[in-house]
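J.: Sharing a structure with you now.
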Amino acid sequence: MPAVLGLEGSANKIGVGVVRDGKVLANPRRTYVTPPGTGFLPGDTARHHRAVILDLLQEALTEAGLTSEDIDCIAYTKGPGMGAPLVSVAVVARTVAQLWNKPLLGVNHCIGHIEMGRLITGATNPTVLYVSGGNTQVIAYSEHRYRIFGETIDIAVGNCLDRFARVLKISNDPSPGYNIEQMAKRGKKLVELPYTVKGMDVSFSGILSFIEDIAQRMLATGECTPEDLCFSLQETVFAMLVEITERAMAHCGSQEALIVGGVGCNVRLQEMMETMCQERGARLYATDERFCIDNGAMIAQAGWEMFQAGHRTPLSESGITQRYRTDEVEVTWRD
């Protein structure tokens, strides 16, 4: 019954999780929140992570009811993500692994999301829509790889939403995407925005530029409200994501869809995906904010799968990489 401790800190969330044989024993998390109208810079984010990670580590062990002797492996996010925050977590992971004399495992952040989604929902072989602030991909498993069927060709959908939140000076607490979602529920008017699907890929930068350009003029003249703009942006970008996910499901003959990543806890996106799945006779799987948003337990779960399959990361190879594609990893723990 191996227990794996996972450390995640690729963006503005820092989390430490403990997983033992498919059960999440602990999953504390902190968020670096910046003032409205601003984003989070790598250096400032890393300083936040360094300030809280040791307290989180102790909190996770206490919550799990374990000591360092009970931990069998230390897993950490190798990438992708922001360089400075990734480094701050990797240094702690390497140090703890050596102090406790435990094996180390570098985990792909995207695969952490997928494996956590599969664990929590019970989905067996779903087509995955992975949507977050840094990534937007449609993924399906085949021959020991998570294959990318479609993705953004510029910015991620979460980044698009976050940056529009800055235009409207929406609060970053608890997250700009969540606050856009709440405002969108009060929107009444659909403002026509560019709809950019290119084969299996999507593009969000043009939509963002367009809505940034028209927002202040339309608000000043009373043509629409901030809530209308949030509603319109969500409806447009989510429709694009549903389209490419359905196309991937048709290609794979899949009867399961799984939404993972921070944007995946958006209820409106889940509703639109549910409608598509019902029309196809398929089933939708999704998780709530405990497991959709970046967390340590997802790294622990992916690390647990890798540990059981015999993976280990030598200290000499325990660096980080900001670019680490989902399909680079050989998935030896699946048939």
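The values are calculated or read from the model by the stated rules, or taken from the named source; none is laboratory data. From a predicted model like this one, the values you see are computed outputs, not experimental measurements. Note: ideal-geometry Cβ built from the backbone for every residue, glycine included; neighbour counts use all protein chains shown. Surface accessibility is based on the protein's heavy atoms, side chains included, excluding ligands, DNA and RNA. Shrake-Rupley method; radii C 1.70, N 1.55, O 1.52, S 1.80 Å.
J.: Kindly provide the set of residues from the range 112-131 that are part of a helix (DSSP H, G or I) and crowded, with 24+ Cβ neighbours inside 10 Å, ordered by number.
T.: In the first step, residues of the range 112-131 are kept if they are part of a helix (DSSP H, G or I); the result is 112-121.
Matches in the range 112-131: GLY112, HIS113, ILE114, GLU115, MET116, GLY117.
J.: State whether the residues of the range 258-278 include one that is in a loop (DSSP other than H, G, I, E, B) and more than 26 Å from TYR178 (Cα to Cα). Steps first, please.
T.: Step one: of the range 258-278, the residues in a loop (DSSP other than H, G, I, E, B) are 261, 266.
Restricting the remaining residues to those that are more than 26 Å from TYR178 (Cα to Cα) gives none.
Within the range 258-278 (the criterion being in a loop (DSSP other than H, G, I, E, B) and more than 26 Å from TYR178 (Cα to Cα)), the answer is no, since none of the residues qualifies.
J.: For residues that are of a type outside the set (Phe, Trp, Tyr) and out of contact with any Phe, Trp or Tyr (no Cβ under 9 Å at 6 or more places or on another chain), scanning just the range 132-143, find the one that is surrounded by the most Cβ atoms within 10 Å (Cβ to Cβ). Give the steps one after another, and end with the answer.
T.: Within the range 132-143, the first condition is being of a type outside the set (Phe, Trp, Tyr), and the residues that meet it are 132-140, 142-143.
Pick out the ones that are also out of contact with any Phe, Trp or Tyr (no Cβ under 9 Å at 6 or more places or on another chain) and you get 132-135, 142-143.
On the way: SER132: 25, GLY133: 28, GLY134: 19, ASN135: 25, SER142: 13, GLU143: 8.
The extreme case among them is GLY133.
J.: Hey, among GLY296, GLY310, GLY262, which residue is in the same structural domain as HIS49 (by the TED database), among the small types (Gly, Ala, Ser) and surrounded by 24 or more Cβ atoms within 10 Å (Cβ to Cβ)?
T.: Details: GLY310 fails: surrounded by 24 or more Cβ atoms within 10 Å (Cβ to Cβ); GLY262 fails: in the same structural domain as HIS49 (by the TED database).
The unique qualifying residue is GLY296.
J.: Answer yes or no as to whether ALA60 is under 14 Å from GLY303 (Cβ atoms) and in a helix (DSSP H, G or I). Explain how you work it out, then say what you get.
T.: Details: under 14 Å from GLY303 (Cβ atoms): yes; in a helix (DSSP H, G or I): yes.
Yes, satisfied.
J.: Which residues, counting only those in the range 194-235, are within 26 Å of THR275 (Cα to Cα), open to solvent by 20 Å² or more (accessible area, probe 1.4 Å) and assigned to a helix (DSSP H, G or I)?
T.: GLU227, PHE231, GLU235
J.: Which numbered condition in (1) within 18 Å of TRP304 (Cα to Cα); (2) aliphatic (A, V, I, L, M); (3) in contact (Cβ under 8 Å) with a residue 40 or more places away in the chain is the only one that MET1 fails?
T.: For MET1, the failing item is (3).
J.: Also, quick follow-up: What is the one condition in (1) on the phi > 0 side of the Ramachandran plot; (2) at pLDDT below 95 that ASP335 does not satisfy?
T.: Only one criterion in (1) on the phi > 0 side of the Ramachandran plot; (2) at pLDDT below 95 is unmet by ASP335, namely (1).
J.: Of GLU289, GLU279, GLU328, which residue is over 29 Å from ARG20 (Cβ atoms) and either free of Cβ contacts under 8 Å to residues at least 12 places away in the same chain or surrounded by fewer than 20 Cβ atoms within 10 Å (Cβ to Cβ) (or both)? Step through it out loud before you land on a result.
T.: Details: GLU289 fails: over 29 Å from ARG20 (Cβ atoms); GLU328 fails: over 29 Å from ARG20 (Cβ atoms).
None of the others qualify; the one that does is GLU279.
J.: Hey, GLU69 hits all of (1) open to solvent by less than 60 Å² (accessible area, probe 1.4 Å); (2) under 24 Å from HIS311 (Cβ atoms) but one; which does it fall short on?
T.: Checking GLU69 against (1) open to solvent by less than 60 Å² (accessible area, probe 1.4 Å); (2) under 24 Å from HIS311 (Cβ atoms), the one that fails is (1).
For (1) at negative phi; (2) surrounded by fewer than 20 Cβ atoms within 10 Å (Cβ to Cβ); (3) in contact (Cβ under 8 Å) with a residue 12 or more places away in the chain, each residue gets a yes or a no:
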site: LYS23; (1), (2), (3): yes, yes, no
site: GLY43; (1), (2), (3): yes, yes, yes
site: HIS49; (1), (2), (3): yes, no, yes
site: TYR76; (1), (2), (3): yes, no, yes
site: ALA93; (1), (2), (3): yes, no, yes
site: ASN101; (1), (2), (3): no, yes, no
site: ASN108; (1), (2), (3): yes, no, yes
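J.: Go through the range 160-193 and give me each residue that's assigned to a loop (DSSP other than H, G, I, E, B) and open to solvent by 40 Å² or more (accessible area, probe 1.4 Å).
T.: In the first step, residues of the range 160-193 are kept if they are assigned to a loop (DSSP other than H, G, I, E, B); the result is 168-175, 185-193.
Those that are assigned to a loop (DSSP other than H, G, I, E, B) and open to solvent by 40 Å² or more (accessible area, probe 1.4 Å): LYS169, SER171, ASP173, PRO174, LYS185, ARG186, LYS188, LYS189, LEU190, GLU192.
J.: Now, a different point. Can you find, within the range 78-91, the residue that is nearest to LEU41 (Cα to Cα) among those that are open to solvent by 20 Å² or more (accessible area, probe 1.4 Å) and in a helix (DSSP H, G or I)? Break it down stepwise before answering.
T.: At the first step, the residues of the range 78-91 found to be open to solvent by 20 Å² or more (accessible area, probe 1.4 Å) are 78, 81-82, 84, 87, 91.
Next, from what is left, pick out any that are in a helix (DSSP H, G or I): 84, 87, 91.
Working: ALA84: 9, VAL87: 14, VAL91: 19 Å.
Restricting to residues being open to solvent by 20 Å² or more (accessible area, probe 1.4 Å) and in a helix (DSSP H, G or I), the top hit is ALA84.
J.: Conditions: (1) within 20 Å of the chain's Cα centre (by Cα); (2) without any contact (Cβ under 8 Å) to a residue 24 or more places away in the chain. ALA300 meets all but one. Number of the miss?
T.: Condition (2) is where ALA300 drops out.
J.: So if I check each of GLU143, GLU151, which one is within 19 Å of MET249 (Cα to Cα), free of Cβ contacts under 8 Å to residues at least 24 places away in the same chain and of a type in the set (D, E, K, R)? Don't jump to the end; show me each part of the working.
T.: Values: GLU151 fails: free of Cβ contacts under 8 Å to residues at least 24 places away in the same chain.
Within the list GLU143, GLU151, the selection yields GLU143.
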